[in-house]
1. Hey, fewest Cβ within 10 Å first, where do B:16, B:627, B:343 land in order?
2. Taking only the alpha-carbon atoms of the stretch A:60-119, what semi-axes of the equivalent ellipsoid follow from 5 times the gyration tensor eigenvalues under a square root, in whole Å, largest first?
3. What are the extents of the Cα atoms of chain B along their three principal axes, in Å, largest first?
4. With springs only between Cα atoms under 10 Å, which of A:93, A:117, A:138 fluctuates most in a Gaussian network model of chain A?
5. Tell me, A:115, B:362 in order of fewest to most beta-carbon neighbours within 10 Å?
6. How many partner chain Cβ atoms sit within 10 Å of a residue's Cβ in peptide A:8-21, on average, as a whole number?
7. If you rank B:440, B:449 by fewest surrounding Cβ atoms within 10 Å, what's the result?
8. Counting pairs of alpha carbon atoms under 8 Å apart in space and at least six apart in sequence, what relative contact order in percent does chain A give?
């Protein structure tokens, strides 16, 4: 069975410090340049910060137009064979998330390979490499917890229940 | 040719607004070695290029944005940028710094500083996109608030552009206007008004270059070691949880918390505007600047009432004081809204609140009347008046036009003894530290190069009992007196030492509140660590004592700038409320600041002349500032 994992951060937990960008750029390139980081943080409005990296799609739209088979789905990852990449940028057009882009010096594609180097550099612990099942599980619990409050309140205020 | 030292962009942008010309110049390696960056560059350029006696609103004043060799590298807590000019509030050296993502972006674009001179014939902004540097028409953003300006310029140039701008207050030459970037503020000294006087609305930056380092592997290995320390640091943990508002109740407990224009240092209402309450009832999340681990910015939500909405940030400790307790206001919703207004207009909350509280005290004492205020009734705790005055100051309307001059100038116009209630040093409104309750802070305000200010020396070791950290940093022989905030012993030493360290932090653009000063207590990041980081980043071989010398050099050159403007010992003073009126309650009850004794010892430690506060030639030459000594001598400004 394939356990698909994604780099995931709740936008209300991410603080937008971009330490993940720093960690990624340093790990992959040996220097800091945000345009060479495979994970990119988007800061919008007063409260939203979102790190975005390749989601390792099961049916990756980036791979489809690739004329040189540089992008291949292998097990649970979308693997980039750099030596095959000709830097045409078709994958950039197809990715719905802006998670694959062109290296400013090499001119070929770069993307997250889920090495996990960034995880230890997240001050808030927002950034996680987790299975989609774990994300979904968390969402289910969140939903249940918001209901708990409403239902408890209802129970406490309900005369019928108190009498029983 | 590439710059001699790594870590730097190696270039400075020069902008002549009058002639609409921009030039990219090579950075001088001598300047890098002697001043590192940030406020070091600001100080050196102001000294070299701003003639004594110049009106700060004269086009010949300089407005300098500067970053440092660690900016953009990812070194923790190094996300700040420095802005400097001759201050329209104080008429002396002026600077302020601000965190966020602007500093790193300027480094990615390949620059270390931007120097503006002249005045544009119509409003403009500067657009820097790597090697492209252009002055653009600012008609779409002139008159707009700071967040509107950022939004418009980001829509125009791309969402990853970083913008620093002045608001309507800067355009209207409010003498304490600041410069804002993503709701962080380079607030003090009125630098926003200098920006407005130059008809410069904003500086928008985008960069995509590598930050090349001398020893990247060694640098990032060391940076990781420091990050591990920060992860475990209890002060950073507190900043991350609450930000600066957690200090409100703590400082109120030691009666160092300014209430009613410093009439006292204690309020029974501190809890209502303290950090715990903000976290419990208002906080949405954390936000942070580039490479920050302390994430002290907290977007808030006011859930009900007339101010109900989402706010980009919580008021800092200083703003809770200046807009809150200092005006006897303990309605958090109102303070949050007032703080937001100051940010949108681009005004320093400390000077805004300080000036308003001066006016209220004068009104209470019958010195200022309804005739002066245009019918406004000023009183403690009047939330509507606070909001109205903030609006009027920013727009320079009616009574606001007088207050926009700052409390010292306003008092000179009002006269009638109102001068006595101006809580200022050298024209700068005093920040939220009552020196009577912590003597080192009293001295720090008196000697700070930009006028009343806590961040130029940031003496924290005597704030609350910090014995183990005093031992770690200075040694056991400084106990027990240094730990006693009401005992003046060792305090001049603490302030002098702090001024050098803070000057160094401001030249490397390290955060003092969370990143550097607090772990400093534990001896974790000090001169040797900063020297090592700079060496690994730049290749410059400066040891720990060389680092301290740079700090001392910057302090002395700022002093020389001020001496040239006529500053001497007579100006290193405090309001009589601190030196003559004993603190009325709490632990400091009965205390005043023994300023003259503190100053005698401070000048001695500095090697400055005790009578005049001037700097002897010998001291300047020891700091490699012979040319400065020559200029001061020619003006008759060396001690006899």
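1. B:627, B:16, B:343
2. 17, 14, 12
3. 66, 60, 53
4. Largest GNM mean-square fluctuation: A:138.
5. Arranged by neighbour count, lowest to highest, A:115, B:362 become A:115, B:362.
6. Rounded to a whole number, the mean comes out at 5.
7. B:449, B:440
8. 26 percent
Where a number appears in this text, it was derived from the coordinates with a stated rule and is not lab data. Everything numeric here is computed off the predicted structure, so don't read it as measured data. Using ideal geometry, Cβ is built from the backbone for each residue, glycine included, and neighbour counts are taken over all protein chains shown.
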